[in-house]
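A short worksheet on the structure shown next.
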Amino acid sequence: SLCKKTGVDAVVLAPPCYFKPRQSELLSYYREMARRCGMPMFLYNIPSQTGTTIELMTVAGALEERNIIGFKDSSGNMTYFNQLRGVLAERPDITLLVGPEELLAEGLVIGAHGGVPGGSNLCPQLFASMVDASIKNDVSGLLKLHDRVMDISNRLYGIGQYSSSFLTSIKTSLKYIGICEDALALPFGVVEQTDRDTIRRHLVSLGLMPDGKAVSTKHH
């Protein structure tokens, strides 16, 4: 009811983390949540963070709930993704989204409707152009845009030694280009000054900000 009151269009539901459920339990969970929630729902497959893959038979069973309207796959497993497309063929109204932006071009070519790329916070037009190229069947143009995505990913997202470095790099970049502050929710903190300097250099070399006109990310 709170989601409806605040104008939420749909909710995203990943498998519960911590203790790993059986697939039969996961299916029951999705069915119960779909019926209790009553709102449009997206299933979210991100086994690297939850420890659980939403197996294909579980997906097929969950799709019997008509308010499940979409699926976001962040597994990075393109074999799974292709098999998933076959399961979702039973529900042509389902929206299929790719999580990792490094796989967005490939996903669009084989049938994804779009993605949820973290980099779209930095370069929204880049990712919108990828979808446009896909709609126009411009594979050559899509691959050129993909090269740009990979350049950004290779330079920015690997700064730091933790999986959360992806998040901190994006937030620091957003701070530099003047979009928002670089603080994250606890327990995550800002990156060290040496890493911020590296991020800044890459943003300049990528053409995402002019040299010498950065917003300071130093904290006092």
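The values are calculated or read from the model by the stated rules, or taken from the named source; none is laboratory data. The model shown is predicted, which means the values in this text are computed figures rather than measured ones. Glycine also receives a Cβ, built like all others from the backbone with ideal geometry; neighbour counts cover every protein chain displayed. The protein model used for the area step is the full one, side chains on, heavy atoms only, and it has no ligands, DNA or RNA in it. Shrake-Rupley method; radii C 1.70, N 1.55, O 1.52, S 1.80 Å.
Of all residues in region 138-183, those being of a type in the set (A, V, I, L, M) and more than 18 Å from Ser120 (Cβ to Cβ) number 4.
Among the candidates Val109, Val87, Val116, Val131, single out the residue that is of a type in the set (A, V, I, L, M), closer than 27 Å to Gly189 by Cβ, out of contact with any Cys (no Cβ under 6 Å at 6 or more places or on another chain) and open to solvent by 10 Å² or more (accessible area, probe 1.4 Å).
Just one listed residue meets the conditions, Val116.
Anything in region 150-166 that is over 24 Å from Leu108 (Cβ atoms) and part of a helix (DSSP H, G or I)? List them, or say none. Passing the criteria: only Ser165.
Table: residues versus (1) open to solvent by less than 20 Å² (accessible area, probe 1.4 Å); (2) part of a loop (DSSP other than H, G, I, E, B); (3) at pLDDT below 95; (4) more than 26 Å from Ala133 (Cα to Cα).
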residue	(1), (2), (3), (4)
Cys3	no, no, yes, yes
Pro16	no, yes, yes, yes
Glu25	no, no, no, yes
Gln49	no, no, yes, yes
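Picking from residues in region 27-47 that are in a loop (DSSP other than H, G, I, E, B) and open to solvent by 40 Å² or more (accessible area, probe 1.4 Å), the one that is nearest to Glu101 (Cα to Cα) is Pro40.
One line per residue, one yes/no per condition, for (1) in a helix (DSSP H, G or I); (2) at pLDDT below 95; (3) closer than 29 Å to Asp182 by Cβ:
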residue	(1), (2), (3)
Thr53	no, no, no
Val59	yes, no, no
Gly70	no, no, no
Thr79	yes, no, no
Leu103	yes, no, yes
Leu108	yes, no, no
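Under the condition of being at pLDDT 90 or above and more than 12 Å from Ile199 (Cα to Cα), the residues counted in region 151-166 number 1. Ile94 - would you say it is open to solvent by less than 50 Å² (accessible area, probe 1.4 Å) and closer than 30 Å to Ser165 by Cβ? Criteria not met by Ile94.
In the set Glu101, Glu64, only one residue is open to solvent by 30 Å² or more (accessible area, probe 1.4 Å) and on the phi < 0 side of the Ramachandran plot; that residue is Glu64.
Look at region 158-181 and say how many of its residues are crowded, with 18+ Cβ neighbours inside 10 Å, within 17 Å of Val204 (Cβ to Cβ) and free of Cβ contacts under 8 Å to residues at least 40 places away in the same chain. Residues in region 158-181 being crowded, with 18+ Cβ neighbours inside 10 Å, within 17 Å of Val204 (Cβ to Cβ) and free of Cβ contacts under 8 Å to residues at least 40 places away in the same chain: 1 in total.
Comparison of Asp147, Asp132, Asp195 shows that the only residue that is in contact with a Gly (Cβ under 7 Å, 6 or more places away or on another chain) and part of a helix (DSSP H, G or I) is Asp195.
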